[in-house]
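The values are calculated or read from the model by the stated rules, or taken from the named source; none is laboratory data. Here the structure is a predicted model, which is why all the values come from computation and not from measurement. Here the Cβ is made from the backbone with ideal geometry for all residues, glycine too, and neighbour counts use every protein chain on show. All accessible areas refer to the heavy atoms of the entire protein, side chains included, with ligands and DNA or RNA removed. Shrake-Rupley method; radii C 1.70, N 1.55, O 1.52, S 1.80 Å.
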Amino acid sequence: MPPRKRKPVELWDRPPHTGAKHDLLRSYLGAWFPIMAKYNGRVLYYDAFGGPGKYRGGEPGSPLIALQTLVEHSHFASMSGTQFVFLINEQDSGCAEHLEAEIEAFKAAHQPWPSNVVIQVNNETFVDLTTSMIDDFDERAVKMAPTFAFVDPVGVKETPMAVLARLSNYPKAEMLVYFAHEFVVRFCSSGEVDERLDDLFGTDEYKAGGDLTGRRRSQFIHDLYKRQLHDVCEFPYIQSFEMWDGRGKRLYDLYYCTHDTTGLDRMKAAMWKVAPSGDFSFRDRFADQDVIFAETPDTGPLRQELLDHFRGRTVTIQEVIDHVVAETPYTSSHVKRLTLAPMQHDGLISSPNQKRARQFPDGTLIQFPD
Ligand SMILES: C[S@@+](CC[C@H](N)C(=O)[O-])C[C@H]1O[C@@H](n2cnc3c(N)ncnc32)[C@H](O)[C@@H]1O
């Protein structure tokens, strides 16, 4: 009997919010690849839930976006001293086959293929692949190369906190993780999916969400997941982003986790660049207000937070910038012209050593009122 032909994978449409997620990835990796190449001989891009490589309308999926961002980067020639390993995983064999074919086509269109870019496609579950990879590193007592892991599952059952923790146990590891916020908020107290949620959070404390309603429940679930990424995965810096659709429905959250404030600042800059459309917006909750990421930021919540945080103190401009990068959704580029200058204009802050009003070179001291 001739071998049975596998049914071709059915590609799906790319909704606008997925396009926004891809813009974010493209923008961040465009900064991440050159920064990593400067200091490392080897870096790893791990696309843990790779998908079929393409959407129905022909738009590229995340693995192709990552490859394209590197190989077509204007500074790619200057990164020749670094080996880039693309580890791409997809559990569904039809999707994995399609993905491989897309990657082959991409390589064929980029000949001669650069010898410092290595691509490996795996057809396993995230848990199996990650566990065997880290077990192997542990056995050989080698460290994982600096890694950006994109963890983009569907639903809640494929990304146990314990496995994320193994992946994050390296100083130069960072992750962008999808979180099915609305599903968790809905089912946290139903008892129907407790086993999955136990794994997802690495604790059963999510059940206490059942005692809360509305915004308080939502915030509780958000804060617990963030706390677990902080405590169990030991990431010191985490920025979360809520993805909302045009009709005011929260679709999912993304958590960016890192050990390093440079990456944090770059990821937030990428987020602010993805301008909202009528179909979606990225948001965060900060200083009891909704911050909507947009090209022209509303720095009102940041002004208020700086007045509260530095109340009655005189601090250097660098301290202010460090605080903004580490503790708020804003970036270093939002501090001087967009926030401090108007605050000084409005008489809310002053400086004892400034040479020109509303200019904040290194060493400038800023006085915050009592
Ligand atoms: C949201 S899609 C990924 C989309 C892709 N990251 C992109 O942005 O183009 C999730 C993919 O994960 C795959 N998948 C589901 N369970 C998985 C698992 N346990 N491990 C790895 N991949 C899985 C699905 O087949 C699906 O193609």
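Quick check: residue separation of F183 and R216 times 0.36 nm, minus the Cα distance between them. What number comes out in nm?
Working: separation 33, 0.36 × 33 = 11.88 nm, distance 1.55 nm.
Going from the current span to full extension adds 10.3 nm.
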For this session: With N set to the residue count of the range 290-338, report its C-alpha Rg divided by 2.2 N^0.38 Å to two decimal places.
Result: 1.10
Exercise. Using a basic spin-label model with each label point 7 Å from the Cα along Cα→Cβ, how many nm lie between S93 and E195?
Worked result: 2.5 nm
Exercise. Among the lysines, which fall within straight-line cross-link reach of K107, defined as a Cα-Cα distance under 20 Å, with same-chain neighbours fewer than 8 residues apart omitted?
Worked result: K54
Problem set entry | Largest-first ellipsoid semi-axes for the range 38-177, taking √(5λ) over the Cα gyration tensor eigenvalues, angstrom | 23, 21, 12
Exercise. In whole Å, what is the distance between the alpha-carbon centres of the range 184-209 and the range 323-346?
Worked result: 37 Å
Exercise. Not counting the cut sites, what is the longest span of the chain without trypsin sites (Lys or Arg not before Pro) that DSSP labels loop and that have at most 13 other Cβ atoms within 10 Å?
Worked result: 144-246
Exercise. Based on the Kirkwood radius over alpha-carbon pairs, what is the Stokes-Einstein translational diffusion coefficient of the range 125-173 at 10 °C with 1.306 mPa s viscosity, in µm²/s?
Worked result: 138 µm²/s
Seminar exercise, completed: In whole angstrom, the spacing between the Cα centers of the range 81-141 and the range 52-76 equals 14 Å
Problem set entry | Average accessible area per residue (Å²) across the chain - probe 1.4 Å, nucleic acids and ligands excluded | 48 Å²
Exercise. Scattering from the C-alpha atoms of the range 300-367 alone, worked out with Debye: what is log10 I(q)/I(0) at q = 0.25 1/Å?
Worked result: -1.23
For this session: Would you please give the FRET efficiency between H309 and R337, computed as 1/(1 + (r/R0)^6) with r the Cβ-Cβ distance and R0 = 25 Å, to the nearest 0.05?
Result: 0.80
Seminar exercise, completed: Length-normalised contact order of the range 127-258, Cα under 8 Å, at least 6 apart, in percent, tallies to 26 percent
Problem set entry | Accessible surface of the chain, 1.4 Å probe, proportion on carbon and sulfur as whole % | 48 percent
For this session: For the range 16-292, list log₁₀ I(q)/I(0) at each q in 0.15 Å⁻¹, using the Debye formula over Cα point scatterers of equal strength and ignoring solvent, two decimals each.
Result: -1.21
Problem set entry | Descending Cα extents along the principal axes, the range 143-241, whole Å | 42, 22, 20
